[in-house]
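The values are calculated or read from the model by the stated rules, or taken from the named source; none is laboratory data. Everything numeric in this text was worked out from a predicted model, so none of it was measured. Cβ sites come from the backbone with ideal geometry, for glycine too, and all protein chains shown count toward neighbours.
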Amino acid sequence: MPGGAVARRRAAAKHDDSSEILRYYRDLLNEPDERPDYRYPPAHLGPTWETDDRGRFILPERSIGWASLVWAGQKLQLKRGVPWQFTAEQARMWLWWYAVDERGTFVFDREGVIQRLKGHGKDPWGAVYCANELVGLPVFDGFSKGETLATEQPDAWVQVLAVTLEQTKNTMRLFPRLFTDDAKAEYRLAIGKEHIYALGDERYLQALTSNPTALEGKRPTATLANETHHWRANNNGIDMYEALSRNAAKSAEGVNGRLLQLSNAYEPGMDSVLERTRLAYELAQARPDEILLQGLMYDSLEAGPEAPLIDPDNPDVINDVIESVRGDSTWLNVKRLRKQVEDPRIPPSQSRRFWYNQITANEESWADPFAVERQARPESKLEARDEIALFFDGSKSDDATAIVACRISDGQVFTMGLWQAPPKARRGTWTVPRGDVNQRVRQIFKAYRVVGFFADPSHTREDGTLDRYWAPLVDEWHRDFGGQLLVWPQNNKHSVSFDMSNRHGEGAKFVEAAELFVEDLENGDLFHDGNPELMRHMKNARRFPTQHGVSLMKDGPESPRKIDLAVCAVGARMVRRLILNLAAKRGPKGTVW
C-alpha cells in the first residue's frame, strides 16, 4: 500500500466512527419491506427490490460495498456539515453493484443499468460512485473473519460520459460540495468543471461527450454512462458505447473496468443504447440456453402494466402510482408531478416514461404494450387433442419464421415455433432449417386437432435455382393435411397457401383481422400464453395504415426488432374466426369468406 494511503488511514483512525456507520446500515437494511399494498403495485427488475418469503429485502452474501458505505459516510457530505447517507434503496443497490463471489470476483463483472423515474436521485448516486472509484474503496482485498475487505484503486481513471456536455454537468457540478473539506485536503483534490485530479496526478476523473475516436483504446478503471436513453446513432451514442464496451473488455487483471448506465425509461423504436441493452437483457431472460448475457445487472422499479394515468373511481391514482415507483426518493413532490402528468399538452407516453418509469411505446405502436402484458395467461395450457387453428409465416434468413396456434374453444393464442438467426450471425449467412419446421408442424398435427392451417410462405427464393424456398414444403402440407382442414384460403385451390401480399384478396382480410386483434386485445377479449418472444414481437409492431385499414409492420426494413409471431397470432385468430363462422353458414372449401 502506498505510504500516503497508510498515513490517511492512520489519520482517519483518530476519530473512527466506522463501527457506528456500519451498524446504522446493518439496522437500516434489516428492516422488512413495509410498503403499502398499492392498488397498482410496481414491477421491478434486478436485485434491489427482491424480498424473501418473510418480506425482508435480499442482500448479497458478500459485498465490498459495506466498506465503501462507511467510507462515503466519512469522506462525503449531503451538504456542508451533514455526512453522506444513502437511502435504504440506494444502499441495497450499492451493495449489489459491489457484490462479489467466493473468489472475490464481481457478481456483475461487466456492466450495470440503473433505470429509475426522473428526479429519483440517480446523479447524486452516480457522483458518489465516481468518487468511490476515484479515491474510495472499490477493489476487493480479501476476506477476514467473515468480512469482505476492500481497498483503493491505484492509478484510478474514471470517466463520466454523456452525449452532450450539459448532461455531464448534472454529475460534475455535484463534486465541489460532495467531498468534505478534510477529504479534499487528504486526497489533494483539484476539482474543475470537466476534470478532477487526485493525489497530484496519480488519479484522474474526466467528463467526455460524443467522440468515439477519442475513447477508442483507452483503459479507464470505471465508466459512468449518463442518460443512455439519449445515446443514439445520430449523436454518436451507439459508436461511443461500443468503444466503451471494447475498452472495458480488455481491462487488466485487478482493474474493475466496469460500465454503469444511469437512465430514465427509453422511447421504444429510437434504437438507443438503453433500448438495445434492455432488449438484449429480456431476450437473454427468455432464451437462457441460447443467449448468454452474463455479468449484467439491470435494476429498474417501474409502474406495472395495469397502472392508469386516469381512474374515474380513484382521482388520486397518479399519486399512488408515483409513490410506488419513486422508491425511497421521498423528496419527490407527488402533487407537483401529478400536475405534470395531468397537463393535456404532454403526451401520455411521455408522462409514463418520465414519471411512471415505464417503457411505453409511442402513439405509432400497433398494440397497447400494457394490454399485451395484461392479457397473458401462461397458466392456461393447450391440452391433447384440443381443436386449434394454425398460422405459419415463413422466411428464409433475415426475418423470423414462426408458427402460432389459436384454440377454437376460447380464442387463446399459443406460440408453437420460432426460428431466427443467432444474434451474431452475419446477414444472409443463416437459413431457417426447413426440416425442423416440417417436423414441428407434423408434431402439432399429431398432438392436437388442427382444423385450419394457413401458411404465408413469402416470395423468398432458393439461391442459384431461384425456386420458391417454401413452395415444396407447403405443397406437401396441402397433400398430407388438406383433407382434415375445415377452411381453405379464398379463391385458392390450395388448402394451406395464403398470400398476405395480395392486397385485394387475402391481404385485405388480414388487415381486417389485424384491426380485430387489437380491438379484442385491448378490450380484454383475447388472451395469449405469455411467451416472452410473442409479447416482444407484439410490442415491436408499428401501425401500418392501408386502404383497407390499419395493419402492422416492422419499424424499418432493416430493423432487428422482429414482429413475425405477432403476424402469426393475427393470422391464427383470423383462421379461428372463419371456422366459427362455419356454424352460421357452411359452403364448399374455398368460398368460406
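Could you please give the count of residues in the stretch 279-299 that are within 27 Å of G524 (Cα to Cα) and at pLDDT 80 or above? Outline the logic, then answer.
Here is the first cut: in the stretch 279-299, the residues within 27 Å of G524 (Cα to Cα) are 279, 282-283, 285-286.
Right, trim to at pLDDT 80 or above and you get 279, 282, 285.
Residues flagged as within 27 Å of G524 (Cα to Cα) and at pLDDT 80 or above within the stretch 279-299 amount to 3.
Looking at this structure, is L59 modelled with pLDDT of 95 or more and either in a helix (DSSP H, G or I) or charged (D, E, K, R) (or both)?
Working: modelled with pLDDT of 95 or more: yes; either in a helix (DSSP H, G or I) or charged (D, E, K, R) (or both): no.
No: the conditions fail for L59.
Per-residue answers, yes or no, for (1) surrounded by fewer than 17 Cβ atoms within 10 Å (Cβ to Cβ); (2) assigned to a helix (DSSP H, G or I); (3) at pLDDT below 90; (4) of a type outside the set (A, V, I, L, M):
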residue: Q159; (1), (2), (3), (4): no, no, no, yes
residue: D182; (1), (2), (3), (4): yes, yes, no, yes
residue: G200; (1), (2), (3), (4): yes, no, no, yes
residue: L205; (1), (2), (3), (4): no, no, no, no
residue: S245; (1), (2), (3), (4): yes, yes, yes, yes
So K145 passes all but one of these: (1) farther than 20 Å from Q77 by Cα; (2) crowded, with 18+ Cβ neighbours inside 10 Å; (3) modelled with pLDDT under 95. Which condition number does it fail?
(2)
Among residues belonging to the stretch 213-243 that are surrounded by 15 or more Cβ atoms within 10 Å (Cβ to Cβ), part of a helix (DSSP H, G or I) and among the small types (G, A, S), point out the one that is modelled with the lowest pLDDT.
A243
With respect to the numbered conditions (1) touching a Ser or Thr at 6+ places or on another chain (Cβ under 8 Å); (2) touching a residue at least 40 places away in the same chain (Cβ under 8 Å), which one is the sole condition not fulfilled by V341?
(2)
How many of the residues making up the stretch 16-57 are touching a residue at least 40 places away in the same chain (Cβ under 8 Å), among the polar types (S, T, N, Q) and under 26 Å from G295 (Cα atoms)?
1
Does at least one position in the stretch 561-568 carry a residue that is in a helix (DSSP H, G or I), at pLDDT below 90 and more than 16 Å from A455 (Cα to Cα)?
no
Tally up the residues in the stretch 368-411 that are within 27 Å of the chain's Cα centre (by Cα) and surrounded by fewer than 23 Cβ atoms within 10 Å (Cβ to Cβ), please.
17
State yes or no: is F175 modelled with pLDDT of 95 or more, crowded, with 17+ Cβ neighbours inside 10 Å and of a type in the set (F, W, Y)?
yes
